[in-house]
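These notes concern the structure reproduced below.
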Amino acid sequence: MKIYTTISGFFASVLLFFFTYTFVSAFQVEVSPYEISPGDAFIITVADAKTSPLPDASLNGKPFYFSSCGKDCFIAVGAVGLETKPGAYTIHVSVGEKKTNVDLVVRHTRFPTQRLTLPEERVFLSRENLKRVELEDERLKAIFETTTDRLWRGKFVLPLEHDVTTKFGTKRIINKKKISVHRGIDIKGKDGEEVRSSNSGRVVLAEELFFGGNTVILDHGQGIYTVYMHLSKFNVKHQDIVSKGDVIGFVGSTGRSSNSHLHFGVKVLNINVNPVSVVGLGL
Ligand SMILES: [Zn+2]
């Protein structure tokens, strides 16, 4: 009987060891903010990851990109699209053989509606302009699908310190007919005011687009891009490396715009993200 107890105790220990090793994570994972709106960014921080490989994490099968945030610490920026349904979502995280899950809650959010009037030729496009927009869209798509090494450092900042006139996610009814969704924020600005880089990065586009007018796109690495539209003038050119706060251009009203302002957009892993949420991340 005593031998039996010892043997079963031994097997129980082996099982417990196996269970602990396989299913219980020895690292800490935090998602911040834990509760977000559709179109918001968030950060995943992995701490006490005492193994050499970078963590892997994914949401609905889409991976995140981690980089170091100190000893045994890794950080990744993620986002959910504007069309995400409210509810709880599971992020799967692994470091080497160890795995764990963390929850992310997407809350129900009401986005505002705005009615505006624009010149008809900027709303209903001629065949020639439609062709131009299609070609520009293809180029932008190729840019945003590319993931490069991390260039961003610390927090993202607003490129212009004025009020937001049109919020992210605003449903726009243009000329009473066409409906579009605002996938960035509009910041009030005077003609010629300086527009500053939101973080360190590389200029991957600095040219005139049909809708955006004079547009600058910065690649910050790890799938994070910032977009600056309707500029009167550029202060950078393609492939320039910029630091956070560098003047990249000046406020204007070029492209599809009815007054001087800055349209500021952010892409995270090819998702249009609310720039206000990115600026609020504790990076
Ligand atoms: Zn805008």
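The values are calculated or read from the model by the stated rules, or taken from the named source; none is laboratory data. The structure displayed is predicted, hence computed values, not measured ones. Here the Cβ is made from the backbone with ideal geometry for all residues, glycine too, and neighbour counts use every protein chain on show. Ligands, DNA and RNA are excluded from the accessible area calculation, which covers all protein heavy atoms including side chains. Shrake-Rupley method; radii C 1.70, N 1.55, O 1.52, S 1.80 Å.
For Gln239, the criteria (1) open to solvent by less than 10 Å² (accessible area, probe 1.4 Å); (2) without any contact (Cβ under 8 Å) to a residue 40 or more places away in the chain hold in every case but one, which is (1). Screening Asn129 with (1) in contact with a strand residue (DSSP E or B) (Cβ under 8 Å, 6 or more places away or on another chain); (2) open to solvent by less than 50 Å² (accessible area, probe 1.4 Å) gives one miss only, at (1). Scanning segment 181-202 for residues that are more than 10 Å from the ligand (Cβ to nearest atom), open to solvent by 30 Å² or more (accessible area, probe 1.4 Å) and touching a strand residue (DSSP E or B) at 6+ places or on another chain (Cβ under 8 Å) gives Val181, Lys188, Asp191, Gly192, Glu193, Glu194, Arg196, Arg202. Given the structure, is Ile224 within 16 Å of the ligand (Cβ to nearest atom) and either charged (D, E, K, R) or open to solvent by less than 80 Å² (accessible area, probe 1.4 Å) (or both)? Judged against the criteria, Ile224 is not a match.
Restricting attention to segment 92-126, which residues are under 19 Å from Ser277 (Cα atoms) and open to solvent by less than 80 Å² (accessible area, probe 1.4 Å)? It would help to see each step written out before you state the result.
Taking segment 92-126 and keeping what is under 19 Å from Ser277 (Cα atoms), we get 103-112.
Selection gives Asp103, Leu104, Val105, Val106, Thr109, Phe111, Pro112.
Scanning segment 235-274 for residues that are away from the ligand (no atom under 16 Å from the Cβ), outside any loop (DSSP other than H, G, I, E, B), out of contact with any Asp or Glu (no Cβ under 7 Å at 6 or more places or on another chain) and over 12 Å from Ile217 (Cβ atoms) yields Ile241, Val268, Ile271. Of everything in segment 63-91 that is closer than 23 Å to Ser37 by Cβ and of a type in the set (Phe, Trp, Tyr), the residue that is surrounded by the fewest Cβ atoms within 10 Å (Cβ to Cβ) is Tyr89. Checking the structure you have, find out if any residue of segment 112-128 is under 18 Å from the mean Cα position of the chain (by Cα) and not assigned by TED's automatic domain parsing to the domain that holds Leu269. Taking every residue of segment 112-128 in turn, none turns out to be under 18 Å from the mean Cα position of the chain (by Cα) and not assigned by TED's automatic domain parsing to the domain that holds Leu269.
Against the list (1) in contact with a helix residue (DSSP H, G or I) (Cβ under 9 Å, 6 or more places away or on another chain); (2) free of Cβ contacts under 8 Å to residues at least 60 places away in the same chain, the condition Gly223 fails is (2).
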